[in-house]
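Structure, as structure tokens:
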């Protein structure tokens, strides 16, 4: 066995163990499935069934997001995608593991009820509790006009993913505690909320033009990190949303015109998926 093979095997085992522990603890508090909930089509899968080594930090299952609470429809901290998108991420992960890195997903399929939750939050101009981190330079009255919030999301079609790259071995990150002091998402990496990812210049879900993938103010290693993510995914059929360095959609989409609303839960999937 070569030293590279041993390193990869050790890395994959460590990541898988970390994911198992994280998922087990989070699943314990998952909301129950309802008998009348819609179900996913047969070609939707849990990403972990296709590649268990990809790190998952499903932010909308937690209160650490721009709303400040768990988002409607997130019953479990689980990445669900159409199978073609999941298999393409698996191929990207194989490339990154050889470089000592791993993908980390923040959000995958997103039910329409979650998008509706975002819209209700955006219309409540008095709710600004997460402003200091996620949109410090944007007036909440402009969230729709500036394109940060919309009534439909490509995520609901099942082939869009928000993600980053983490160096291996992936170190654990401290949990967010509601009410703790917030730091702007574009602050230097050592000052903003702790994330075990490569430095991409801003945090995830940063409502700021600095989050634009090719913003010319992002240079040096931060730009190189964004381009590593971009080049790796684009070779495998993903298209980046220019306004968000973390946002990619697999093409061609199996469901380009359908916005699903089944909950994010294993119970939404066919058995074994």
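Scanning the stretch 120-145 for residues that are over 15 Å from residue 67 (Cα atoms) and touching a residue at least 60 places away in the same chain (Cβ under 8 Å) yields a total of 1.
Return the total of residues in the stretch 194-218 being farther than 22 Å from residue 146 by Cβ and more than 16 Å from the chain's Cα centre (by Cα). Of the residues in that region, 0 qualify.
You will find that of 236, 214, the residue that is modelled with pLDDT of 95 or more and surrounded by 13 or more Cβ atoms within 10 Å (Cβ to Cβ) is 236 and no other. Only residues that are more than 18 Å from the chain's Cα centre (by Cα) and either in a helix (DSSP H, G or I) or more than 24 Å from residue 214 (Cα to Cα) (or both) were counted in the stretch 232-252, giving 0. Answer with yes or no whether residue 173 is at pLDDT 95 or above and within 16 Å of the chain's Cα centre (by Cα). No: the conditions fail for residue 173. Among residues that are in contact (Cβ under 8 Å) with a residue 40 or more places away in the chain, surrounded by 13 or more Cβ atoms within 10 Å (Cβ to Cβ) and within 18 Å of the chain's Cα centre (by Cα), residue 225 is included. For the stretch 185-199, filtered to residues that are farther than 17 Å from residue 59 by Cα and free of Cβ contacts under 8 Å to residues at least 60 places away in the same chain, the residue that is surrounded by the most Cβ atoms within 10 Å (Cβ to Cβ) is 186.
Got a sec? Which helices (runs of 4 or more DSSP H) wholly within the stretch 75-173 have at least 1 residues that are farther than 20 Å from residue 244 by Cα?
By residue number, 83-97, 112-123.
Residues in the stretch 52-84 that are more than 30 Å from residue 128 (Cα to Cα), crowded, with 21+ Cβ neighbours inside 10 Å and over 14 Å from the mean Cα position of the chain (by Cα): 53, 82.
Look at residue 101 and say whether it is surrounded by 20 or more Cβ atoms within 10 Å (Cβ to Cβ) and over 15 Å from the mean Cα position of the chain (by Cα). In short, yes. Which numbered condition in (1) in contact with a helix residue (DSSP H, G or I) (Cβ under 6 Å, 6 or more places away or on another chain); (2) more than 22 Å from residue 147 (Cβ to Cβ) is the only one that residue 269 fails? Failed condition: (1).
The values are calculated or read from the model by the stated rules, or taken from the named source; none is laboratory data. Because the structure is a prediction, the values reported are computed rather than measured. Using ideal geometry, Cβ is built from the backbone for each residue, glycine included, and neighbour counts are taken over all protein chains shown.
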